[in-house]
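Sending over a structure as structure tokens; questions will come in a sec.
Read the figures in this text as sums done on the coordinates, not as results from a lab. None of the values given here were measured: they were computed from a predicted structure. FYI the Cβ positions are ideal-geometry reconstructions off the backbone, even for glycines, and counts take in every protein chain you see.
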Amino acid sequence: MAPTRRRSQSHPLRLKNRGRRGIALRPGPMIPLSPPRSQGRSRALDSEEEGNEETTMRRNFVKRRLWEGQASVGTWLSLGSATVARYLARVGFDWLTVDLEHTPTGLATAAEMFLAVAEAGCVPLARVPWNRPEHVKQVLDSGAWGIIVPMVNSRQEAEQAVAAAKHPLEGIRSIGGSLHALSFGTDPATYYQEANQEILVVVQIEHVKGVERAEEILSVPGIDAVFIGPNDLLASMGERPQMESSLPAFVEALEHVRTTARRCGVAPGIHVADAAAAARRMAEGFQFIAVASDLRFLVGGARATVEALPPDASRARAEGEMVRY
């Protein structure tokens, strides 16, 4: 029988001062979560815990970290480059998300990126263009280990996202493809048996409607994490999009989503601009945290170099903000 979702326990679990491969994470109050009630456990996880070196399928350690109440930090891939993905998969992030919503990245390129990330021991995720079953099916069949679904504003939309990510009898995802098994280092038959337990399902609450319906959204079985998009959330409030704001309504919305997520056994997450903001959000209890993006790292690093040059060393200066996150 699959484990049931339960309320968060009252005792805190302190996060250790390390990430998967040396990322420095500031300690903060974390509370362990139970595996969602539709999830169960994979044979791969059980065999590893029993000391069996041979596992049937690579485990999604991000999903396990979130279940245990720990933080998991990654970043966004906006440049559509498998080469960039290979490098960033080796710097210490737990996961990398290929953004297919706001970039021109195509599915064939995304598939190369998923495999490049997985081969480096990092977890490849995909933010799908929209909450449609075909979008979810294609990225999972192409090797993504999980999905991030934008603009989920109702229980029905949350149920649709979960169903699209699960094979029958838990969902409607059809059987087919082979890149998914290659990404998990297994054979197709094993993948079909284990995928429902290993695929990470993240819904985005990034609109006031979603905030108002957070309880009904996050009580849907099969959701592993909720991810707040600050830019869209502020836009839905009629405010200027940005990563941070002291606007009382915004601050209250973040706290409402975070506490509701914990109550529903879902890991709360958010997008931040830098490591300092990530540490602060972890201390507040957020777990699934995206720091900036490959594009922001590229532009930020280059801009810092140019600005440090003598005034007469370059012909032009930077023209305002070019990257949203």
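Quick one: which residues, 5+ away or cross-chain, put their amide H under 5 Å from the amide H of Phe288? H built at 1.01 Å from N.
Excluding prolines and chain starts, which carry no amide H, the hits are Ser72, Gly269, Ile270.
What value in Å³ per residue do you get for the convex hull of the alpha-carbon atoms in segment 223-310? Working shown, then result.
Details: hull volume 9.9 nm³, N = 88.
Per residue, the Cα convex hull of segment 223-310 comes to 112 Å³.
Give the Cα extents of segment 40-306 along the principal axes, in whole Å, largest first.
Computed over segment 40-306, the largest-to-smallest principal extents equal 50, 48, 35 Å.
With a 10 Å Cβ neighbour count serving as the proxy for reagent exposure, in which order, fewest first, do Cys122, Cys264 appear?
Numbers: Cys122 26, Cys264 23.
If I rank by nearby Cβ atoms, fewest first, I get Cys264, Cys122.
Another one. How would Lys209, Lys137 line up from fewest to most surrounding beta-carbon atoms within 10 angstrom? The partial results should precede the final answer.
Working: Lys209 14, Lys137 19.
Taking fewest neighbouring Cβ atoms as first place, the list is Lys209, Lys137.
Rounded to whole Hz and in sequence order, give me ³J(HN,Hα) for segment 249-262 from the Karplus expression 6.51 cos²θ - 1.76 cosθ + 1.60, θ = phi - 60°, writing x for Gly and Pro.
Along segment 249-262, the couplings run 5, 5, 4, 5, 5, 4, 5, 5, 5, 4, 5, 5, 4, 4 Hz.
Here is a follow-up. Of all GluC sites (Glu not before Pro) in segment 146-240, which ones are in loop regions per DSSP and have a Cβ with at most 14 other Cβ atoms within 10 Å? Write out the running numbers ahead of the final one.
Working: sites: Glu157, Glu159, Glu170, Glu194, Glu198, Glu206, Glu212, Glu215, Glu216, Glu239; in loops: Glu170, Glu206, Glu239.
Of the GluC sites (Glu not before Pro), the ones in loops of segment 146-240 whose Cβ has at most 14 other Cβ atoms within 10 Å are Glu239.
Arrange Met113, Met151 by Cβ neighbour counts within 10 Å, fewest through most, would you?
Met151, Met113
Same structure, new question: Check which residues have an amide H placed less than 5 Å from Val98's amide H, if you skip close sequence neighbours.
Leu77, Leu125, Ala126, Arg127
Show me, for segment 191-206, the HN-Hα J-couplings you get by feeding each phi into the Karplus relation (A = 6.51, B = -1.76, C = 1.60, θ = phi - 60°), rounded to Hz, glycine and proline as x.
Result, ordered by residue: 4, 4, 6, 9, 4, 4, 8, 9, 6, 8, 10, 10, 10, 9, 9, 9 Hz.
Tell me, what does the Kirkwood hydrodynamic radius of segment 161-289 come to in angstroms if you use every pair of distinct C-alpha atoms?
Values: mean 1/r = 0.0621 Å⁻¹.
By the Kirkwood definition, the hydrodynamic radius is 16.1 Å.
So, R0 is 51 Å and r is the distance between the beta-carbons of Ser219 and Leu309; what FRET efficiency does that work out to, to 0.05? Walk me through the numbers on the way to the answer.
Working: r = 54 Å, r/R0 = 1.06.
E between Ser219 and Leu309, to the nearest 0.05, is 0.40.
Can you compute the modelled spin-label distance between Glu321 and Glu119, with each label point 7 Å from Cα toward Cβ, in nm?
With each label point 7 Å from Cα toward Cβ, the separation is 3.7 nm.
To the nearest 0.05, what FRET efficiency results for Ala108 and Gln193 with a Förster distance of 22 Å applied to their C-beta separation? Spell out each step's value before the answer.
Numbers: r = 27 Å, r/R0 = 1.24.
Here the calculated transfer efficiency is 0.20.
How much length is gained on full extension from Leu298 to Val91, taking 0.36 nm per residue of separation minus their Cα-Cα distance? Please report the intermediate quantities before stating the final value.
On the way: separation 207, 0.36 × 207 = 74.52 nm, distance 1.44 nm.
Computed gain between Leu298 and Val91 is 73.1 nm.
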